[in-house]
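First the structure, in the form of structure tokens, and then the observations on it.
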Amino acid sequence: MVSHLARRGDVNPGKAWRPVRRPSDMNEYSKQIKEYRAQEKSEKAHGKVFVKVLGVKGIHVPLPEQPTFVTCTLNNGIHFVSTPECQLSRDFAIEQEFELIEHNKLEFTLTVKVRRDAHIITQFKDLSPPPFRAPAAPPPVVQSSSKSGMRSFFSSSPKKSLKDKIPVQNLPVPPQPAHKLPENLARYLKQDGTMARAFISFKDIAARCDTRLFETNYPLIGQRAEAGGKFSTLQIGEIVLQIFRLPPLPGIAPEQLPQSLEECHRGLRHINWHKVTYFEGILTQSGGDCSTWRRRQLRVIGANIVAFNDVTKRATVTIDLKKAIAVEDNQDIRKNALSPGGSSRYDEDDSLFGVERSFRLIFPHGEDISFFADTDDEKTRWLDVLRALIGHIPPHPFWAEVLWQRQEELTRVSQPPSRPPQSPPTWLISRGSQR
């Protein structure tokens, strides 16, 4: 069943099981991790920051009756990237993701801008006061002095006539009535349609999104036109973000790194899956590294069945369930073989039919490993676990394994020696609000 190589203890790596000589051998990436650590300090790499704009909520500005569309633009001082247009409402989704290269002074803004459609342009015009029309001035009236009497009529002296005339002053021009600004959306917009902006300084949240998905809200700050050409600053809503920092991973090819926030989250979720112990118990095994029936303590850890030494309690062998194609109940096969017209590929191996409470893992190229349990209940539980796993094992990305080991080392170093080690680190979604 097992294809051995030239030296003792070497096993064909294509087989489903492999011996464990040191704890690191339990990891399927043990060789790659050694190579990674050898070049980790020699290569330079930059971290990635994934920013997903989920949407905007709590908008409290006058909304037009006509459909109104907005975009969200990310500006980090180097690049301007805008999202597709979304319809403006009190709460609206954007669902757009951005990828940034991490550096010490990483900052960026997110600007919500309204499209200047005809109804928005009309609203801007309504904000302007109507042109002022001064009232027509009355014709000037000249009055003569009452003392002149009839002598003025017959007088031929022009100087005296002009002297006796009394000019009447013109009436003052009435002031222009104050223009009352309408309460419309344009009152909250700049001339280019900019409605509000959020500012994000990455250093303020770096620790909260380091190798974890951090969801938070940022205030959207805008302005409101006031009388006299003045403007007031105010918050008009909130923008909802998900942020994830992927630290530098030198030595890992760029195409092997996650390309989106969803890939990051999924990879870390999967790596946690591979670190969980799903079941453990005692089975008697034949096949794999056992040329005869051997009773041993087994655990299902992630995608592997791990055998432990009864004395040292150390792992000795792992069986890779990713390579298994089925789990078969030997009793079901026996019933099928003994039934009229029944047949089985195990007909020639009658000795297996005599083993009660037995089952086997089937691998490609005719390889199989058999087990039997001490009780029917234990056998049923093992079959339930193995059937749930085989064919449903999630991927195990190398970059996520490197991050997990790095985090485990940091956790181990930070713990006081007197404390027992904690359970493997788990990446969770953390939430917060920025003010």
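The values are calculated or read from the model by the stated rules, or taken from the named source; none is laboratory data. All of these numbers come straight from a predicted model, not from anything done at the bench. Note that each Cβ is placed from the backbone with ideal geometry, even for glycine, and that neighbours are counted across all protein chains shown. Note: areas computed on protein heavy atoms with side chains; ligands, DNA, RNA excluded. Shrake-Rupley method; radii C 1.70, N 1.55, O 1.52, S 1.80 Å.
How large a share of the accessible area of the stretch 219-343, in percent, is made up of carbon and sulfur atoms when the probe is 1.4 Å and the other protein chains stay in place? Answer for the stretch 219-343: carbon and sulfur cover 51 percent of the accessible area. Taking the stretch 373-407 and a reference point 7 angstrom along Cα→Cβ of residue 276, the backbone N atoms nearer than 12 Å belong to 389, 394. List every residue whose amide H lies under 5 Å from the amide H of residue 304, counting only residues 5 or more places away in sequence or on a different chain, with H placed 1.01 Å from N in the peptide plane. Answer set, sorted by chain and number: 321.
Computed from phi, the 3J(HN,Hα) profile of the stretch 101-116 under the Karplus parametrisation 6.51, -1.76, 1.60 (θ = phi - 60°) reads 8, 6, 8, 4, 10, 5, 9, 7, 10, 10, 10, 9, 10, 8, 6, 7 Hz, with x in place of Gly and Pro. 3J(HN,Hα) along the stretch 201-206, derived from phi through the Karplus expression 6.51 cos²θ - 1.76 cosθ + 1.60 where θ = phi - 60°, amounts to 9, 4, 4, 6, 10, 4 Hz, with x in place of Gly and Pro. The heavy atoms of residue 262 offer some 90 square angstrom of accessible surface to a 1.4 angstrom probe. Computed with every protein chain present, the accessible area of residue 231 is close to 120 Å² [probe 1.4 Å]. A cut-off of 5 Å between modelled amide H atoms, ignoring neighbours fewer than 5 places along the same chain, links residue 45 with no other residue. Figure note: 103, 119 ranked by solvent-accessible area, largest first, 1.4 Å probe, ligands and nucleic acids not counted: 103, 119. Separation of the alpha carbons by more than 24 angstrom is noted, of 105/190; 52/275; 125/180; 57/125; 44/322, for 105/190; 52/275; 57/125; 44/322. In this view, the solvent-accessible surface of residue 78, computed with a 1.4 Å probe and all protein chains in place, comes to about 120 Å².
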